[in-house]
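The block underneath contains the structure these notes are about, expressed in structure tokens.
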Amino acid sequence: MELETMKGLWQAHENELKKVSAVNDHLPGSIILDISHNSLEKIKNTEYLIGSLTLLFLALFLLMGAKVGNRPEMLISYIITIAAFLIELSLSIFKLIYLFRIDISSGAVTDTARKTQWFRLFIIRERFVSIPALFVVAPAVYILVFQWVRHESALDYLPFTVMETVITLVLGIIFSLIVYRRAYLNNIHSILANLKEIEEFKSEP
């Protein structure tokens with residue numbers, strides 16, 4: 001009787017060890033997946049913020065449309081600014097739709113890595129286009145805001161306008177580079193590194 005009891009206890013002990021071993025084997029992969037998921041959510045949150053701010057400024061500038069007047073520099077600046085906001089809003093919507101197609105929890109590491117890598121290349125190309133675009137958009141926005149705030153043409157204060165525009169451009173470029181690096185590229189790099197780690201973890205005997 002005691003032998004049967006000992007066998008039962010031993011079997012129960014072995015079952016518990018198997019459960020603990022299974023949990024320990026699964027735990028690292030789960031932790032890595034959670035880290036990747038958090039990085040993806042940070043990118044989404046950044047895109048939500050950018051999209052919301054773009055929509056807000058688009059609405060404000062549309063409401064100010066009646067105050068554009070008929071001066072050529074105002075009309076051209078207004079068209080450039082509205083077009084820039086619409087493009088940025090469209091890009092934010094596109095990026096969010098694409099990000100929701102990346103399912104890290106699916107376990108399809110290769111497919112997830114491919115989609116993430118494509119998004120990384122898209123962000124790099126967007127950066128190469130958006131930063132030079134600031135040299136057109138920033139002066140246009142400055143001309144509009146200067147007229148609406150001071151009720152005078154920015155072109156009548158050309159030296160001051162050039163100086164202010166250059167400062168705005170420098171700050172805009174620095175801010176853009178920081179956003180691209182911290183909000184996008186760093187998180188994308190984290191996701192790709194984690195996916196590689198998961199692949200190596202799965203291939204271990």
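The values are calculated or read from the model by the stated rules, or taken from the named source; none is laboratory data. Since we're looking at a predicted model, the values are computed, not measured. In this analysis, Cβ positions are derived from the backbone assuming ideal geometry, glycine residues included, and neighbour counts consider all displayed protein chains. Side chains are part of the model used for accessible areas, which takes the heavy atoms of the whole protein and leaves out ligands, DNA and RNA. Shrake-Rupley method; radii C 1.70, N 1.55, O 1.52, S 1.80 Å.
For the subset of the stretch 36-60 comprising residues that are of a type in the set (S, T, N, Q) and open to solvent by 20 Å² or more (accessible area, probe 1.4 Å), which member is farthest from GLN117 (Cα to Cα)?
Within the stretch 36-60, the match that is farthest from GLN117 (Cα to Cα) is SER52.
Restricted to the stretch 61-114, and to residues that are small (Gly, Ala, Ser) and open to solvent by 90 Å² or more (accessible area, probe 1.4 Å), which residue is farthest from the chain's Cα centre (by Cα)?
Only one residue tops the list, namely ALA66.
Output the qualifying pairs, or none if there are none: Cβ atoms under 7 angstrom, residues six or more apart or on different chains, first residue in the stretch 89-114 and assigned to a helix (DSSP H, G or I), second residue modelled with pLDDT under 95 and aromatic (Phe, Trp, Tyr).
Listed by first residue and then by second, the contacts come to TYR98/PHE119.
Any residue in the stretch 119-139 that's touching a residue at least 60 places away in the same chain (Cβ under 8 Å) and farther than 15 Å from LEU171 by Cβ: show its pairings with residues that are open to solvent by 40 Å² or more (accessible area, probe 1.4 Å) and in a helix (DSSP H, G or I) at Cβ separation under 9 Å, as long as the two are six or more apart or on different chains.
Within 9 Å, the pairs are ARG120/HIS189.
Under 20 Å from GLY69 (Cα atoms) and either open to solvent by 40 Å² or more (accessible area, probe 1.4 Å) or aliphatic (A, V, I, L, M) (or both): which single residue out of GLU164, GLU152 fits that description?
Exactly one residue qualifies, and that residue is GLU152.
For the stretch 61-77, give me each residue that is out of contact with any helix residue (DSSP H, G or I) (no Cβ under 9 Å at 6 or more places or on another chain) and either under 17 Å from LEU155 (Cβ atoms) or β-branched (Val, Ile, Thr) (or both).
ASN70, PRO72, LEU75 - these are the residues of the stretch 61-77 that are out of contact with any helix residue (DSSP H, G or I) (no Cβ under 9 Å at 6 or more places or on another chain) and either under 17 Å from LEU155 (Cβ atoms) or β-branched (Val, Ile, Thr) (or both).
Quick one: which residue in VAL109, VAL129 is β-branched (Val, Ile, Thr), out of contact with any strand residue (DSSP E or B) (no Cβ under 6 Å at 6 or more places or on another chain) and over 25 Å from LYS196 (Cα atoms)?
After applying the criteria, what remains is VAL129.
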